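The structure appears below as structure tokens.
The values are calculated or read from the model by the stated rules, or taken from the named source; none is laboratory data. All values reported here derive from a predicted model rather than from experimental measurement. Areas reflect the complete protein model, heavy atoms only, side chains present, ligands, DNA and RNA absent. Shrake-Rupley method; radii C 1.70, N 1.55, O 1.52, S 1.80 Å.
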Amino acid sequence: MNSTIKNISALEILDSRGNPTVRTYVILEDGTKSFASVPSGASTGQNEAVELRDGEKRYNGTGVQNAVNNVNTEIASALVGKDASNQKDIDYTMIELDGTNNKSRLGANAILGVSMAVAKAAASSSKLPLYAYLGGANAVRIPVPCMNILNGGEHADNSVDFQEFMLVPHGAPSFKEGLRYVAETFHILKGILKSKGMATSVGDEGGFAPNCASNEEAIELIIEAIKKANYKPGIDMSIAIDSAANSFSPNLDGNYDLIWSGLGKMKTADLIEKSAEWLEKYPIILWEDPVSEGDWEGYITFTKRFGDKIEVVGDDNFVTNTKYIKKGIEMGACNSALIKLNQIGSVTETIEAVRMCREAGWRYFLSHRSGETEDTFLADFAVAMDGGHLKTGSACRGERIAKYNRLLEIEHELKGRSEYRWK
Ligand code: 2PG
Ligand code: MG
């Protein structure tokens, strides 16, 4: 068979934060070659699949030579000779070979790298772009880019508690135009920050990280930038927030300590009241992890109260794992799940998470990690999954722009057959 796997290997490379990560290479019998690189998070959920790190002196313990070795030996021996176009078989063979429930033996970084490279190889071998191979002939919807333009929390060193403030150009007629709206506003925001004597340095995902006096000031600055760029807040562009509330919830329960802003200790009810004020005042259309991962009651209350108006996304509580998404669906916690390939560690399981959301009438929000590489797998994957929106960082930093550029390319390639809409 043409798409039979002939060779699999891996290499330790660096991610956008200068930390080691895994790149895997696949060669098929028909001569097709592919490679894929694995991203890495900073504000991680407790139940994410395990990134295997060497824990030795080199790279301060973050080396991935063991994961690389697992690809080169055990994984390669199990998969060589298999058909790359049978993604499910490939992924479940690795899951069984690993034998743990969180991929801690072989490493989710080892398994995901192979899983993505196999999908890419199978796509090339069948002469299809990756988005069409994974999504079929109707994979034509280009996601609305939720562009992170202001960072706080663990992604920056400033006085903002919430991790990500995103601009969402839902009023644009196409991806190309939407990307322009947000990139223009990003530059206007830079000018505003400069004129106020505030820092224009950027966080891990390329958003600015100014030392705002409060969380409110962060959002006011964004609204000012939208208006100054000649767009209408709420009509052309709205705002999405990822509180990443785990990072200010010491025990990951209903107790919070907003350390960065100095607002101090709060209970779930206070935090939700604050959110209510903001939702009243500002054009916010999506809110991710408004409470911490163990605060299921908090997610339920938040969703009951605001879920008919906005998208409530669970990230750290669901970790792209159908076991937790199922629980969320049953409990009515959230109405959407964040989808990150490396949280669960294989392409097939990520697709299963998406499918579960669809079947429940939930949305699903495709996402990069704060540590990324120049790999553009996510762009194609987002089009294939047909979710209508994705977050992949700001209008700067090459590893973020690579995904946006790939989406521009896909939209162009579809020659007028592409679709662009928020819902
Ligand atoms: C998040 C992500 C991506 P990290 O919390 O949603 O923005 O951050 O990769 O650090 O978990
Ligand atoms: Mg998040």
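Note on the stretch 28-67: the alpha carbon radius of gyration divided by the globular reference 2.2 N^0.38 Å gives 1.64. Overall dimensions of the stretch 266-394, expressed as equivalent-ellipsoid semi-axes from the Cα gyration tensor (√(5λ), whole Å, largest first), are 25, 16, 13.
Cα-based radius of gyration for the chain, normalised by 2.2 N^0.38 Å, reads 0.95.
Based on DSSP H segments of at least four residues, each scored -39500 (n - 2.57), the chain has a per-residue ellipticity at 222 nm of -11500 deg cm²/dmol.
Ordered from largest to smallest accessible area (heavy atoms of protein chains, 1.4 Å probe), the residues Y404, Y92 come out as Y92, Y404. With only Cα atoms counted, the stretch 121-182 has Rg and Dmax values of 17.1, 50 Å. In µm²/s, what is D for the stretch 56-104 at 25 °C and 0.890 mPa s, where D = kT/(6 pi eta Rh) by Stokes-Einstein and Rh is the Kirkwood radius from Cα pairs? Approximately 201 µm²/s, per Stokes-Einstein.
The residues of the chain have, on average, 37 Å² of accessible surface per residue, using a 1.4 Å probe with all protein chains present.
Past the 14 angstrom mark, what percentage of all C-alpha to C-alpha distances in the stretch 278-352 do you count? The proportion of pairs with Cα distances above 14 Å equals 57 percent. The share of accessible area on the stretch 359-423 that comes from carbon and sulfur is 47 percent, using a 1.4 angstrom probe. Remark: the stretch 13-139 is approximated by an ellipsoid whose semi-axes, taken from the C-alpha gyration tensor as √(5λ), come to 26, 16, 15 Å, largest first. For the stretch 76-143, dividing the convex hull volume of the Cα atoms by the residue count gives 102 Å³ per residue. In the stretch 338-423, one over the average inverse separation of all distinct C-alpha pairs is 13.5 Å, which is the Kirkwood hydrodynamic radius. Give me the percent of DSSP beta bridges within the chain that run antiparallel, rounded to the nearest 5. Around 60 percent of the beta bridges assigned by DSSP in the chain are antiparallel ones. With 22 Å as the limit, the listed pairs K194/K228; K232/K423; K304/K340; K88/K323; K340/K415; K274/K391 have K304/K340; K340/K415; K274/K391 beyond it between alpha carbons. Going by accessible surface with a 1.4 Å probe and the largest first, E409, E399 read E409, E399.
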